[in-house]
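Undergrad: Let me begin by handing over the structure; questions about it come next.
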Amino acid sequence: MKANGRASELSNNRHFKYDAPARLLLNLLTCFVLEPKFLSGEWRIKEDALAGLKSIKRERDLIYGRMFSIFHHLNVCRNCHATCCAGQYDRFTVFDHISDLASGSDASRPWGFRIRPVGSYAWNRDDTGVCQYFVEGKGCRLAVIERPEICVSYVCGRMREAMTDEQRSEIARLTNMLRGIRWKYIRVLLMGGMEKGAQIPP
């Protein structure tokens, strides 16, 4: 797809209005229904649901690309020594895991950042040190579409200061669209998209 085609697809994409009640409902469904299904190892995605997930992931990848074009231009992350890429750095959530499965990945990357009803993340893994994917002076060695959502969408203070008003507005719009992607994943999976059966363990 050409660049102008991607821009058109993004601009025409209807995205979910992500207000506080919607966020709470999304996090409740994720924490108490979706995550337990994957963690149990007793549920798998139906074959006919994968096509829908792949289409949603393509939408997500377009959003990732647009975000990266803004962040890459700012060039803030690659030499930064803040805690974003250190400490409890395993930031893959169940939604990143679903994207892996939709892309045909062997899902070898463990996901451990649990989503809680209120707030962002909880019950994180105890990994310490610098992220295994971070390369000093170069930044993340994962392809953009392989990175955890939070690593693509998070805006730190340094970034915010470096951005123009237009860039901040665009990132806010794209972040809202990413949250809408989560809803689309949930709709596919919890409305008949999963069945009992052996699943790749998290």
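Undergrad: Here are some pairs, LYS138/LYS196; LYS54/LYS196; LYS46/LYS138; which of them have Cα atoms lying more than 32 Å apart in this structure?
TA: Going by Cα-Cα distance, LYS138/LYS196; LYS46/LYS138 fall outside the 32 Å limit.
Undergrad: Along the positive direction of the dipole of region 14-196 (beta-carbon charges: Lys, Arg +1; Asp, Glu -1; about the Cα centre), which of SER105, ILE70, GLY139 reaches farthest?
TA: ILE70
Undergrad: At what distance in nm do the modelled label points of ARG23 and SER169 sit from each other, each positioned 7 Å from its Cα along Cα→Cβ?
TA: Reported label-point gap for ARG23 and SER169 is 2.2 nm.
Quick note: the coordinates plus some simple rules give every number you see, no bench work behind them. Everything numeric in this text was worked out from a predicted model, so none of it was measured. Note that we place each Cβ from the backbone using ideal geometry, even for glycine, and neighbour counts take in every protein chain shown.
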